[in-house]
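**Q** Structure provided below as structure tokens; questions to follow.
The values are calculated or read from the model by the stated rules, or taken from the named source; none is laboratory data. Being a predicted model, the structure only gives us computed values, none of them experimental. Methodologically, a virtual Cβ is constructed for each residue, glycine included, from the backbone with ideal geometry; neighbour enumeration extends over all protein chains shown.
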Amino acid sequence: MTKMKLLPLLLLPLLLISCATQSVPVGSGLPKNHDQARVVLAKRILQMPNQIQLMSRHVSGRRDNATAYKNMVSTAGGWSAARSSYAKAPGGYVKLQPAMLYGMIALANQGYSYQVSELAGGGHSRNSRHYDGVAVDICYINGVKVNYRNPYYRSLMRAARKLGATEVYGPGDRGHSGHVHIAWPRPY
């Protein structure tokens, strides 16, 4: 593993603890301000198209400005991410949280390539963490569609838990047969 990939993984525990206390640690390479950290992390994700692919459409087929790709571009520009306003989605905007963004990068740095179907957009359960900016849905891992035959989904789910995710669902869990849902604690 290269020094560049190893350093962020070593700093992950500091970042996850700091996100829970609403500060960013000195020496993490990230700005202390959460808004600035979001921008830095989102820009990094956009620079990783071979590892993290962000869908520019919703799985449901609905069209709006709350796709995973548009959520990340908005965050990289310093703006809030749009939430969808169909089904049970509340509409409006939310800031994508640094713990989730860092977790996404850390999963890619562990050797996973994956496709993100939803961040803050899409239709989810009424109290979904997606609407709080702390959840990601993954529909392909290492080029293989997520389902119970995918050989990677269980290890990705374990890795996400080790990165601080507290809500991790996938094939075998109700409503998650075709994707892995990973969520970090709410920021409040």
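**Q** Are there any pairs with C-beta distances below 6 angstrom linking a residue in segment 171-188 that is free of Cβ contacts under 8 Å to residues at least 40 places away in the same chain to a residue that is part of a loop (DSSP other than H, G, I, E, B) and of a type in the set (Gly, Ala, Ser), with the two at least 6 apart or on different chains, and if so which?
**A** Between residues of segment 171-188 that are free of Cβ contacts under 8 Å to residues at least 40 places away in the same chain and residues that are part of a loop (DSSP other than H, G, I, E, B) and of a type in the set (Gly, Ala, Ser), the close pairs are Pro171/Ser177; His176/Gly170.
**Q** Quick check on this structure: which one of Ala135, Ala81, Ala89, Ala108 is hydrophobic (A, V, I, L, M, F, W, C), over 17 Å from Ser177 (Cβ atoms) and more than 14 Å from the chain's Cα centre (by Cα)?
**A** Ala89
**Q** Hey, could you check segment 78-92 for residues that are over 17 Å from Met104 (Cα atoms), buried (at least 16 other Cβ atoms within 10 Å of the Cβ) and among the aliphatic types (A, V, I, L, M) and say which is modelled with the lowest pLDDT?
**A** Step by step, filter segment 78-92, then rank; the result is Ala89.
**Q** I've got another one for you. Restricting the search to segment 81-92, which residues are more than 12 Å from Asp132 (Cβ to Cβ) and either touching a strand residue (DSSP E or B) at 6+ places or on another chain (Cβ under 6 Å) or outside any loop (DSSP other than H, G, I, E, B) (or both)?
**A** Ala82
**Q** The conditions are (1) assigned to a helix (DSSP H, G or I); (2) among the polar types (S, T, N, Q); (3) surrounded by fewer than 16 Cβ atoms within 10 Å (Cβ to Cβ), and Thr75 fails exactly one of them. Which is it?
**A** (3)
**Q** Still on this structure: Give Arg57, Arg62, Arg44 a once-over and let me know the one that is more than 11 Å from the chain's Cα centre (by Cα), buried (at least 16 other Cβ atoms within 10 Å of the Cβ), among the basic types (Lys, Arg) and not in a helix (DSSP H, G or I).
**A** Of the residues listed, the single one that is more than 11 Å from the chain's Cα centre (by Cα), buried (at least 16 other Cβ atoms within 10 Å of the Cβ), among the basic types (Lys, Arg) and not in a helix (DSSP H, G or I) is Arg62.
**Q** Restricting attention to segment 68-78, and to residues there that are among the small types (Gly, Ala, Ser) and in contact with a strand residue (DSSP E or B) (Cβ under 7 Å, 6 or more places away or on another chain), which single residue is farthest from Ile182 (Cα to Cα)?
**A** Residue satisfying both the conditions and the ranking: Ser74.
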